[in-house]
Amino acid sequence: MDFLQISQTAMMVIIGTIALALFGIFFGLVYKGIDRKLSAHMQGRIGPPIRQPFRDVVKLFTKENIVPENAIPWIFNLAPLVGLVATISILLYLPLGGFQPLFPGKGDLILILYLLIIPSLAMVIGGFSSGSPYATIGAQREMATMIAYEFPLAIIIITIAWRLSMQGVTNVFALSSIAATPVWNIAGPLGFIGFIILLLVLVIITPAELSKIPFDSPEAETEIAGGLLTEYSGRNLAMFYLTDGVKTVVMASLIVALFFPYNLSPLFGLESYPAFAVDIAFYLAKVFLVILFSVTLIRVAVARLKIDQIVYTYWVPLTLLSLVGLICIMWDQTIMANFGLQPVFEMLGIV
Amino acid sequence: MNVADLIALLLQHSPALIVAVPLLGAFITPLISRLNDKVRNVFVILTLGLTASLVFLLASDVFTGNIHTYIFGSQDLALPVVRILFEVDAMSAFMAIISVILSLVAVIYSWSFMKENTGLDKYYTLILLMTAGMLGMELTGDLFNFFVFLEITSISSAALVAFWTNKAKSVEAGFKYIVISTIGALFILFSIALFYGQYNALNMAMIASAIQYTFLDKIALVLLIAALAMKAGVVPMHMWLPDAYGKAPSSVTLILVGATQASLYGVFRVCFTIYGGAINLTPISVGWILVILGIITMLLGVAMAIIQTDFKRLIAFGAVAEIGYILLGIGTGLVVMLNPEMTATGLAAMKGGIFHIMNDALDVGLLFLVAGAIYYATKETSLNKLGGLARNMKYTTVFFIIGLLAISGMPPMNGFASKLLIYESTYQLNPILSIIAILSSIMLLAVFVKVFHAAFLGPALPKFENVKEVPKSMLIAMGTIATIIIIFGLFPELIINNIVEPAANALVNYGDYIREVIPSFAGGV
Amino acid sequence: MFTLESLLETFQTGSGFWNPIIWVVAILVAFLIAVILRGFGNKEYKKNTGQTQAFLSGNPEYEKEQMHIKSSNIYWGFTESLKWVFDSLKKMHTGNVSDYALWFVIVMAILFVVLIVGENLVGAI
């Protein structure tokens, strides 16, 4: 590797990060607007216009940026930035718009799992550092929620990787390998059921990852006044608002990459620019559907859980459910071999 | 004589010198102490600095693939027992690097941390003795000699744990430590007797080449694993560890981490080298025992850490959990050692486990030093009484954040690299292993975020208004470890290739270790 | 040994990879973007007024000691829903050195059963 290559890679990182940051922030806010509009319609309200989140950000930027006297200023101001920065960096490793990830061989699923922790961690530390009792309570709830959902989430990620490794795929933790071998294509009947269970669990994990109802007890406006965001205002709050938007895109793209890595262009036999256009549109539609089912529908349909109920929900029913999924997938190959079964998609003649 | 010859000579005698320098230094320290306190501190730091450079010199040669032996006593190998043999392979050198770094940082830290105490001549003597003991355990090739060094380490660390004799709890912790160590050491001695009775040998390589895996050998294996695992703080025999770690002065705790890992090294040396030839004779793999112990250690360690309210006790439980990762990684390597299809997995797991030994020592060590700094500044260890210290102690806060991220394995710290290796290899043995490892890691994050809140964040408390940043020597000590953590985190591939992989290969290719003493040995290829 | 290439190498685990340097560069760029974005915002507030007091739903602020939530109250929801686990764990840690030795004997007995009795059983089958 010579100097030229290094500088090329460096330019790619710099330009890529800028482009992905703008992409993430823009679509994060757009999807936020769509989500608000849809949930308003579901509740029989008119709801704000779709560009409302952009206006909200502008509004927050004009507001005063209060640093409370009990806060530790440098941590209090740094936490929102760290959250946004870490979330943007996840986009580097995710396949977006039907393309390969920007850096396919430089980061894998476990890295994404860890980077997803950082925005929540930044909120927790920001909440703790504001020195307000409400914020502290919210922050410790967020941390407890994080431990809670990380158990089923780890099961899902490891199960997918394990199944691919049984298939003889190399670099099973790379999202590009997962995209190249969609799990549905290799699953037999039992495994198919297992993956449906895992998808279901992942859909229920998403609202907690994004602090949405019913798992928003860390923020719980009605009881602890916004929880860990209580003391935040102005541009610091705007940073958290943007983080939330980008994280929604990241989480939805992750689900798309793990479970729906299909593209439309091969179906129509398209190439070059038309193919890109179709794939990007299809990707945006997939992300929209994921957000619709895992965020909008759930948050409109149910009420908020208490924090001990959240921990119980994730550690007992959902963990057991995902373990059932894991066992189904582990037995899948044996059963397929013993009864001479084909993967479900081959039986249906789709692949 | 030119410099190259001198270095070659030093290299040749370094296995002996590495133990002899701190040992002699220990006995000179009380004399120098009579002169002046500062002179003594400088002398101790120089002694350990010299030891460290010898270790690095030896390690740089050993990592290229050479195994060094050093014979005390009869050079005639036909005579069975009349010698003590030091044998240094890459694993020994790797462990020696960790021990010597920890000791060196601890004495630098002690300069200010222990300044107000009396009896420091004894303190430094014991620290040097303990370092000599640890290094001896790691470099020796003789089982009885291993026991002797284990006892030296135990006795000096028990005295150091109880160093603050004006505190009843420190003395109690020291007492518990010596009881537990003695019980463990007795069983180790018993198993050495079992070997000697059967094979008429005390040398590890000789025993390993002759081992038949008889009934007595099985009993010896059980005793050795149980006793050494207890000394390493493996659940459920970990209970002495939070007591000892929690009540010892922080600088001592740092070296205790090294002593614990020296015992852990004993477990691996026994399983891989001594029983290496017998491993294909067992239908139930010893590796699975290590893996299961590792999983229990991990889960129970973090669960207990979450409910602790004492700063150092909490870190101690975190340290217990970290031991679990090491056992999981290396145990997985042992399970799949004979399975040719999974060689790559096994090697990756071993590399992860061995890298994690280093990372565990650095991360846990840094956190203990931070806890010590807070104790130094506030005279308080209960998390319920601390708060708001990030205003007064900025550097310490930054070091704590680095330690927090490293121990919970967040990128880009060193803990992430080793944990990544462990997750991405153990899942092939069984997916549940990786899942539990990831979960424990997140819980560790939660544990230390709680500490961050309790000690550093929150409103400025009036009682800590006059608290100041700790003196420079303590900052230098913490800064050194923090720098190593970040460097290891940013260049993991470099570290793995140059020092971790040779160590992993040294454990896996146990035949080379034996052949260095018994050239006719044919197994273990 | 320490060439530029070896410093930039991607860390390979056999099943995945991780390149810290690229991530760090990306983080720096993203940090710059975030700081610039944040710079558009209003950075003023009224120091030492009621504005900077902690929000307590209109109640007056307590003493500083009471405003700091104690660490034993943190993670209440987590410890509450897994109470049985933590209670039994606490019961296990007696702090009594004879119990410590007892655990050692128990582990030794289990290892003995697994490695010697179990092995003979497996061998017999």
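Where the centre of each part is set by its Cα atoms, how far does region C:65-120 sit from region A:168-217, in angstrom?
34 Å
How far is the Cα center of region B:287-322 from the Cα center of region A:96-136, in Å?
First find each Cα centre; the distance between them is then 25 Å.
Hey, if you put +1 on the Cβ of every Lys and Arg and -1 on every Asp and Glu Cβ in chain C, which of C:30, C:12, C:116 ends up farthest toward the positive end of that dipole?
Looking along the dipole axis, the top candidate is C:30.
Work from the charge dipole of region B:284-490 (Cβ charges, +1 for Lys and Arg, -1 for Asp and Glu, about the Cα centre) and give the residue of B:294, B:445, B:325 farthest towards its positive end.
B:445
Can you quote the Å³ per residue value for the convex hull of the Cα atoms in the protein assembly as shown, rounded to an integer?
For the protein assembly as shown, the hull spanned by Cα atoms encloses 181 Å³ per residue.
A 21 angstrom limit on the alpha carbon distance is what I want to check against. Which of B:312/B:379; B:247/C:90; B:385/B:463; A:32/A:306 exceed it?
Cα-Cα > 21 Å for A:32/A:306; rest within.
Quote to one decimal, in nm, the extra length available between residue A:306 and residue A:14 on full extension: 0.36 nm per residue of separation minus the C-alpha distance between them.
Separation in residues times 0.36 nm, less the Cα-Cα distance, equals 100.8 nm.
Give, rounded to the nearest 20 debye, the magnitude of the charge dipole that chain A has about its Cα centre when Lys and Arg contribute +1 at Cβ and Asp and Glu contribute -1 at Cβ.
660 debye
Hey, with R₀ at 51 Å, roughly what FRET efficiency would residue A:2 and residue C:62 work out to, going by the Cβ-Cβ distance, to 0.05?
About 0.20, to the nearest 0.05.
Return the distance in nm (one decimal) between the two label points of a simple spin-label model at residue B:121 and residue B:182, each offset 7 Å from Cα along Cα→Cβ.
2.8 nm
Looking only at other chains, what is the average number of their beta-carbon atoms within 10 angstrom of each beta-carbon in B:440-449?
Mean inter-chain Cβ contacts per residue within 10 Å come to 6.
With each pseudo-label sitting 7 Å past Cα toward Cβ, what's the residue A:348-residue B:165 distance in nm, one decimal?
With each label placed 7 Å out from Cα toward Cβ, I get 7.9 nm.
Once you list every other residue whose beta carbon is under 11 Å from the beta carbon of residue A:77, what net charge do they have if Lys and Arg are +1 and Asp and Glu are -1?
With Lys, Arg at +1 and Asp, Glu at -1, the neighbours total +3.
So how do B:165, B:260, A:296 line up by other beta-carbon neighbours within 10 Å, fewest first?
B:165, A:296, B:260
Evaluate the charge dipole of the protein assembly as shown about its Cα centre and quote only its size in Debye, nearest 20, assuming +1 on the Cβ of each Lys and Arg and -1 on the Cβ of each Asp and Glu.
2480 debye
Computed from the mean reciprocal separation of all distinct C-alpha pairs, what Kirkwood hydrodynamic radius does region B:284-490 have, in Å?
17.3 Å
Taking the Cα centre of chain B as origin, work out the dipole magnitude from +1 charges on Lys and Arg Cβ and -1 charges on Asp and Glu Cβ, in debye rounded to 20.
1660 debye
Using Cα-Cα distances under 8 Å and only pairs 6 or more residues apart, what relative contact order does chain A have, in percent?
Result for chain A is 27 percent.
Specify the inter-centroid distance of region B:490-525 and region A:262-310, based on alpha-carbon positions, in whole Å.
Their Cα centres are 50 Å away from one another.
List the trypsin sites (Lys or Arg not before Pro) within region B:464-525 that fall in a DSSP loop (any state other than H, G, I, E or B) and whose Cβ has at most 16 other Cβ atoms within 10 Å.
The qualifying sites are B:468.
Collect residues whose amide H, placed 1.01 Å from N in the peptide plane, falls under 5 Å from the amide H of residue B:310; neighbours closer than 5 in sequence don't count.
Here B:383 satisfy the definition.
Angle between the Cα long axis of helix A:109-129 and the longest principal axis of chain A, 0 to 90 degrees, nearest 10?
On a 0 to 90 degree scale, this one is about 10.
Compactness ratio of chain A: Cα Rg over 2.2 N^0.38 Å, N = residue count?
My calculation over the Cα atoms of chain A gives 1.03.
Projected onto the charge dipole of the protein assembly as shown (+1 at Lys/Arg Cβ, -1 at Asp/Glu Cβ, origin at the Cα centre), which of B:3, A:294, B:517 gives the Cα projection farthest towards the positive end?
A:294
Note down the Stokes-Einstein diffusion coefficient of region B:270-334 in µm²/s, whole number, using a Kirkwood radius over alpha carbon pairs, 37 °C, and 0.692 mPa s.
My calculation gives 258 µm²/s for D.
So, counting K/R as plus one and D/E as minus one, what does the shell of residues with Cβ under 10 Å around residue C:10 add up to?
-1
If you wrap region C:50-124's Cα atoms in a convex hull and average its projection over all directions, what's the area in nm²?
Mean shadow area of the hull around the Cα atoms is 10.1 nm².
Considering only DSSP states other than H, G, I, E and B, which trypsin sites (Lys or Arg not before Pro) in region A:1-68 qualify as loop sites with at most 12 other Cβ atoms within 10 Å?
A:45, A:51
Taking 1 over the mean of 1/r across every pair of different Cα atoms in chain C, what Kirkwood radius in Å do you get?
23.6 Å
Which order do B:134, B:298, C:67, B:114 fall in if you start with the one that has the fewest other Cβ atoms within 10 Å?
C:67, B:114, B:298, B:134
Tell me the GluC sites (Glu not before Pro) within region A:223-328 that lie in a loop according to DSSP and have at most 15 other beta-carbon atoms within 10 Å.
Qualifying residues, ordered by number: A:271.
How much net charge surrounds residue B:272 when only the other residues with a Cβ under 13 Å from the Cβ of residue B:272 are counted, with Lys and Arg +1 and Asp and Glu -1?
My count for the surroundings of residue B:272 gives -1.
Run the simple label-point estimate for residue A:185 and residue B:384 please: 7 Å along Cα→C-beta, distance reported in nm.
5.9 nm
How big is chain B on each of its three principal axes, counting only the C-alpha atoms and giving the largest first in Å?
Taking max minus min along each principal axis of the Cα atoms, chain B gives 72, 58, 45 Å.
Just so you know, all these numbers are worked out from the coordinates, no wet-lab data involved. Quantities reported herein were computed from a predicted structural model and do not represent experimental measurements. Using ideal geometry, Cβ is built from the backbone for each residue, glycine included, and neighbour counts are taken over all protein chains shown.
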